[in-house]
Structure formats: structure tokens, C-alpha cells
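The values are calculated or read from the model by the stated rules, or taken from the named source; none is laboratory data. Since the model is a prediction, treat every value here as computed from it, not as a measurement. Heads up, the Cβs are rebuilt from the backbone with ideal geometry, glycines too, and the neighbour counts pull from every protein chain shown.
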Amino acid sequence: MVEKKDYKEWPPYAPGTHVRESDIREKKITYSWWEPEVQYSWSVGHAMSKFLQGLKDGKLYGIHCKPCKRVIVPPRMFCEYCFGPTEEWVELKDTGEIETFSISYLDADARRIEEPILVGVVSIDGAYPKPMGFMHYFGEMTKDEIKIGMKVKAVWKPENEREGSITDIKYFKPLKGGSE
Amino acid sequence: MGFLEKQTDPTSPMHWRGDMQADYFYPSGIAGDKFFKHLMEKDTLLATKCKTCNKILFPPRLYCEDCFEEIPEEDWMEVPASGKVKLFTKATINAHGVKMEEPKVIALIDIDNTDGAMLGIIKTNELDKDFSGVKVKAVLRPKGNREGTLKDILYWQVI
């Protein structure tokens, strides 16, 4: 028969045993370690294929849904409002407007950083209805300068470094005077 | 290409390739750590005794799984690295499903002086023998080469 222990608090405080990186490196604890081979190949689909190939050429492509009067970016093969097929490819300008932003003191790997990175959603010019665009980094501006509604322009990687990825645009910089 | 056209070439859209880093790290835990550190130094195994249930737990545990009673430090005990085969099977394919050149006999071994058991490989030439109840002992890696995992038990040998 098990007696019920007289705990002062319930559930009882259990501190656990923390494993530190040094415990692993200095072999203070025993453990199993396994690195599985997990490769994937993800088909981006036809609309995103065209979009990403466009980025490689330094162009932004949207797609037109005529019944709903929408220019969708990133493009999709169907309009999620009317479920009809989208029809016409539209080349968009690489300028836009900051829709939302965030000042992040964590980097992409969730490490704490001194200088914050600026991220947010850009509404691309020529795509509508607003907000219509995608998330990206902002650069050449400080955390005090960034504001919603700011006009921005894409800064591209050099052509030979582009690989058909959203990071072919390095970041969006402020567009002074509202036009090029 | 439009939405209503049929896709016939699966390679035509772009593919995003990647290698997921999904490292698997499993610390042995408090009881497991003690067990494996003992195994690195000695040629015997460790077990714990639950005095309430009068059971010897193997692999050793900090809590009895029947009555949840905590096991005090003094109830840890050394047991020989030998036992009796409880169950066995002959494996002809490896973990990847590929046929092995030499089949392996995998057995559940009741460890002597305990109420517990563990899995192990029996090294033998007689692959079609009935191993039920056969006495076996563990063959360990040479001291100094042991790394504190279950792989320190190389195989089990019929006595």
C-alpha cells in the first residue's frame, strides 16, 4: 500500500535535471545521438514556378483574376475569392508600400541580436486590392525611420547570384520622393 | 500554362530541394546515466530493488513502475551480465529492409537475479536452433573503448 505523501505544494515542485551543452561536449553525461537523412523536394507548383523564375530575371510577376478585379501576388493558379482560374500574367514594378512591419531583436535562428532586423509585409505597386504582397526584410533605414505607408523599392542581388528564390531580393529600401 | 490544362510533366514546375537537420539527441536520464557509466567501468549490470513490491527492476529505474515508490540510493545493486533467453527471432533483413548476408538472432533476455529483461543479439552459427531458455552472457567492448551506450554490449554468447 502506498501512503500519500504530505506535499506542501501540489503538484510537487520538480526542478528536473538540465542538460547543458558543456555536459555533452565534455562527455559528462551519456546519451544517444543520431542524424537522420531527411531530404525533401517540394514542388512549388506552376504559379510559384513562374514567380520564382521571374525573380531570377529581376522581375515580379502577379496574376490577374478578371471577374474579381484582382492582381494577385504571390501568384496562384486560382482566385481564392471566386475559385475561378486566374488568367493573365502581369509584370509588376519592384516598388511598393510598407503594410506592416516588425522590429525584431531575434534573428532567423531565434538568436538574440544587438542590432534589430526589420521585417514586414510589402504591398506591391500594381497589385490590388490592397493589401496584396509578401513578407520581406527592410534595409537602408533605421528602426526609428520605418513607418507604415512608407514607399519602398526592392534591392536585388547581382544577376549571377540569383537562384530563383525570394532572397534574390535582398531587402526593400526607402524610395525617396515617391518615384524613381 | 493555365489552371484548366492538364499537367503531364511533373518535373516542369520548380522544385525546392532541402536537407532537413533533424538531429536526435537522447540523454540517458538520471538512472540511465548511472547504468551506462557503470557499464563503461565494469563488466556487470545495474538494477534497482523496490522493497515495497519485492521486485528487482531492470533496466534500473528511479521509481517503481508498479507502486510509484521512489527507490533510494542504497537499493541499487549489481547483477551479472548474463541471463536466459525468453523470446527470440531470426532477422533476415536489416533496418532498411535490405536482405542481410548473415541472418541475426535477436532475443529478449531475462537478466539473471532480476525481474527485468533486455533485447540483444545472439552470436551463433546455429541459426535454426531453438534458443528458448538457453543461458547467455554479454560480450562487452574492451574497457576504454566503451562509449556509454547500449552498443557497448557487442553481442550475447551462449554459455
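Data table
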| quantity | calculated |
| --- | --- |
| Given (1) surrounded by 15 or more Cβ atoms within 10 Å (Cβ to Cβ); (2) within 14 Å of another protein chain (Cβ to nearest Cβ); (3) of a type outside the set (Val, Ile, Thr), index of the condition residue B:104 fails | (2) |
| Residue match in the stretch B:67-85 (condition: of a type outside the set (A, V, I, L, M) and within 30 Å of residue A:41 (Cβ to Cβ)) | no |
| Number of the exception - residue B:93 against (1) among the hydrophobic types (A, V, I, L, M, F, W, C); (2) surrounded by 15 or more Cβ atoms within 10 Å (Cβ to Cβ); (3) modelled with pLDDT under 95; (4) out of contact with any helix residue (DSSP H, G or I) (no Cβ under 9 Å at 6 or more places or on another chain) | (2) |
| Residue check, residue A:164 among the small types (Gly, Ala, Ser) and either modelled with pLDDT of 95 or more or closer than 24 Å to residue A:53 by Cβ (or both) | yes |
| Residue A:98 vs. criteria assigned to a strand (DSSP E or B), surrounded by fewer than 19 Cβ atoms within 10 Å (Cβ to Cβ), hydrophobic (A, V, I, L, M, F, W, C) and out of contact with any helix residue (DSSP H, G or I) (no Cβ under 8 Å at 6 or more places or on another chain) | no |
| Set B:120, B:116, B:148: member being surrounded by 15 or more Cβ atoms within 10 Å (Cβ to Cβ), within 18 Å of residue B:94 (Cα to Cα) and within 15 Å of the chain's Cα centre (by Cα) | B:120 |
| Within the stretch B:49-77, tally of residues that are within 13 Å of chain A (Cβ to nearest Cβ) and either among the hydroxyl-bearing types (Ser, Thr, Tyr) or in a helix (DSSP H, G or I) (or both) | 2 |
| Any chance residue A:64 is within 23 Å of residue A:128 (Cβ to Cβ) and facing chain B (nearest Cβ under 7 Å) | no |
| Any hit, the stretch A:33-49, residues being closer than 30 Å to residue A:176 by Cβ, within 14 Å of chain B (Cβ to nearest Cβ) and either at pLDDT below 95 or surrounded by 15 or more Cβ atoms within 10 Å (Cβ to Cβ) (or both) | no |
| Residue within the stretch B:6-15 that is assigned to a loop (DSSP other than H, G, I, E, B) and under 16 Å from the mean Cα position of the chain (by Cα) present | no |
| Of all residues making up the stretch B:16-48, the number that are more than 17 Å from the chain's Cα centre (by Cα), at the interface with chain A (Cβ under 9 Å from one of its Cβ atoms) and in a loop (DSSP other than H, G, I, E, B) | 3 |
| Residue within the stretch B:118-132 that is modelled with pLDDT of 90 or more, part of a loop (DSSP other than H, G, I, E, B), touching a strand residue (DSSP E or B) at 6+ places or on another chain (Cβ under 8 Å) and within 18 Å of residue B:42 (Cβ to Cβ) present | no |
